[in-house]
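Coordinate-derived values only; no laboratory data. Computed from a predicted model, the values in this text were never measured in an experiment. Cβ sites come from the backbone with ideal geometry, for glycine too, and all protein chains shown count toward neighbours.
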Amino acid sequence: MHMTSSSPSEPRIQLAHGGGGSLSQQLIRELIVPAFGPADGVLHDAALLPCPGGRLAFTTDSYVVRPLIFPGGDIGRLAVIGSINDLAMAGAEPLALSLGLILEEGLPIASLERVLASIRREASACGVAVVTGDTKVVERGKGDGIFINTAAIGQVSHELTIGPAAVRPGDAVLVSGDLGRHGVAILAAREELGFRTPLESDLAPLLEPVRALLGAGLELHCLRDLTRGGLASALQEIAGAAGVRLELEEAAIPIAPAVQAACNLLGLDPLTMANEGRLTLLLPQEQAGAALAVLRRFDAAAAQIGIARELTADTAAGRELRAEAGPGRSLFGLSRPPVSLRNGLGVSRPLDPGRGEHLPRIC
């Protein structure tokens, strides 16, 4: 493949690779199509997919992590797992994946080959094919090497409607493992911070735990993977949309000592740190034990961390929030979502999301 290079042995992406001409065709033909297909070798503007009976789930996300390769994964593996996990949160089985690549001029071809190989391996492991995609190239200095967008379609074969609308007072709040590893691993991989830790990202697909939960016949009310913003953002979104209070026990939330130590050193809250292989689950309290038994088959650190309570109008907070939302309106997006964290002394405080973006290029 003919490409510019800072040395004869290291070909690199050129702007012309995104121009739609012969170099674009060569990039697609020699690197991308061999990695993903199509099986018949015919390229078209859209992939035709069978649509069996039942509901379909559809999700899309973009990935801008820096560095591209980090302890426990890389941007390619992250892109596949991120979209597959989004499908899993609806209890959907993946059917197809799209891949959009935005490449920066000067990116080493070897780096692209590694990312494509990682995408291929992870997609195969998740049982999903990359069926369509697009590639663009931006000028040098306008990107971080590679940006990726993926979209995924999945089939929902169960009868549950999994989401905040199904959450009820009395539901148990569970997490599937210890929190904050991905955020700390990305921080440590950034050489300019001079920070080191043996921790790896928790990056992992969540299909199997969700399949096992559904297979156990549990009444899953809400699933949410804990990505940017971590536990704090996810639970605030759920509480606001569901119109409930979430009361958490700080001591019950699993955080690895190395994660806690790193966050203490850097002045960060592990509950706002990104995760890429963890979920939170809300379901009836009487099923919490069975759900934990399932989750602990995959991660021994899974735990119940709290409970959903009714947001009653006879409490000051309830009156204020209901008045702010208005009759029949969701509480999502309010400035004071009803999530609290109780420490070992029995003192409660609001669990606030992180403000600003202290970890750019993280997922």
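Listed from fewest to most Cβ neighbours within 10 Å, the set I253, I28 follows the order I28, I253. For R55, the residues whose amide H sits under 5 Å from its own are V156, ignoring neighbours fewer than 5 places away on the same chain, with H placed 1.01 Å from N.
Net length available on complete extension from R121 to S340 is 74.8 nm, with 0.36 nm assigned per residue and the Cα-Cα distance removed. Placing a pseudo-label 7 Å from each Cα along the Cα-to-Cβ vector at A293 and S62 gives an inter-label distance of 4.6 nm.
Ordered by the number of other Cβ atoms lying within 10 Å of each residue's own Cβ, fewest first, V130, V80 fall into the sequence V130, V80.
For A96, the residues whose modelled amide H falls within less than 5 Å of its own, excluding neighbours fewer than 5 places apart on the same chain, are I153. If the segment from R114 to S348 were pulled out straight at 0.36 nm per residue, it would be longer than the present Cα-Cα gap by 79.5 nm. Going from the fewest other Cβ atoms within 10 Å to the most, the residues H182, H158, H17, H221 appear in the order H158, H221, H17, H182.
Extension gain, A166 to Q25, is 46.0 nm, computed as 0.36 nm per intervening residue step minus the present C-alpha separation.
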